[in-house]
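Encoded as structure tokens, the structure appears first; notes follow it.
What follows is calculated from the coordinates using simple rules that are stated; it is not laboratory data. Since this is a predicted model, take the numbers as computed values, not measurements. When we count neighbours, we look across all protein chains shown, and the Cβ atoms used for this are built from the backbone with ideal geometry, even at glycine.
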């Protein structure tokens, strides 16, 4: 039978069978777990890795040269400290890789737990920590002498980001701000009693900068600065030794054999370097004249061996790091992750500024290391973990919705409940003042 003689019902059935169905979109796969694929392809991320690679390479060479005298004095090989630094660098690269793959939303969500763990480690330092150079700051874990105050910097960055994400409607009230930032304040107090006023100041400034970027009111920022000045004055008033050591940079020649000795030797080393330096490995200060040449005063050894050219190259690397981190923050589409990037940028840049200013005599010597250069396992591993997090943020494409701090308004409970109540659909109810009409009663 031909198609022309087919009944209409059969034709309709054939048409329905041959109509192509619309394509069904594949289900969106939501990431599971805590890790994702290693991100690639972002120019800002690659620039960050290149700058960081130059920093740690130059830093390892500087540690190898600056630690010769200390290694020889301990009776071991002249490369002992450098070998340990390379081992720490390996752990740091692994931390960078893990943090570049971790899901940032999960990490920020776990920030309160990380803060609790950081506070627990600081309490453990107070109880069973190692004492060296007048400070009790380390935990002996056999493999490494862990310094929890260095880890607490990264925990503070993540915790403040979580705080802004979850409580941005409340933080512009001073009582709410004091309550929610109490863990950071407690951590600063525990670091201060180690004692380590330098690290405590860095942690406090990191939190202050992040809250300012998030939109904290000028009135509350002025109040925080005032409280910080009063607290600093009170601490120095009741600690004469800390006062004398902190302000010794203002008059270093008054006690050249005591508080001013280290700064004096630092200036001698920088002056001896001149324009091009004495040559790599030819420092004189590292042979017992300058205390801590491979840690807090490694910038002095760089200036002595490589001159002004070497020191300007180090400063240029930190400026490039700052530009790369700020560029990543500018391109970030997630406000919470942008805060994390700005916190890390403030942390690394602030420490570099304080360290360099200290060794040239423009600021107090407070034990702040030069990031990626100064010898120290926990500091290097934590800094590289922060770089991995920055690299992760550079590739992130997620978006956030309005997490900047707003003016705190104390709302009436009933009014807030009425605003949250959904609008009712249907006919408009009659006013209560007009009773409804009654139907006549049947008799």
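Can you tell me the length gained on complete extension of the stretch residue 50 to residue 289, counting 0.36 nm per residue apart and subtracting the Cα distance?
Additional length available on full extension: 82.6 nm.
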ask   = Residue separation times 0.36 nm, minus the C-alpha to C-alpha distance between residue 362 and residue 238: what's the value?
value = 42.2 nm
message = Between residue 267 and residue 330, what is the label-point separation in nm under the 7 Å Cα-to-beta-carbon projection?
response = 3.9
inquiry  = Need the full-extension length gain, residue 230 to residue 397, defined as separation in residues times 0.36 nm minus the C-alpha distance. One decimal, nm.
reply    = 55.8 nm
task = Arrange the following residues from fewest to most other Cβ atoms within 10 Å of their Cβ: 266, 242.
result = 242, 266
key: the range 49-103 and the range 300-353: distance between their alpha carbon centers, rounded to Å   = 18
note = So, with points 7 Å from each Cα along the Cβ direction, the residue 312-residue 221 label distance in nm works out to 3.4
message = Quick check: from the Cα gyration tensor, does the range 160-243 come out rounded (a/c under 1.5), prolate or oblate?
response = prolate
note = Expressed as a percent, the portion of alpha-carbon pairs in the range 81-188 spaced more than 16 Å apart is 67
key: Computed label-point distance, nm, for sites residue 123 and residue 40 using a 7 Å Cα→Cβ extension   = 4.6
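Please order 56, 86 by the number of other Cβ within 10 Å, starting at the fewest. Can you show the working numbers first?
Details: 56 21, 86 13.
Arranged by neighbour count, lowest to highest, 56, 86 become 86, 56.
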request  = Report the dimensions of the range 50-397 along its three principal axes from the alpha-carbon atoms, largest first, rounded to Å.
outcome  = 57, 46, 39
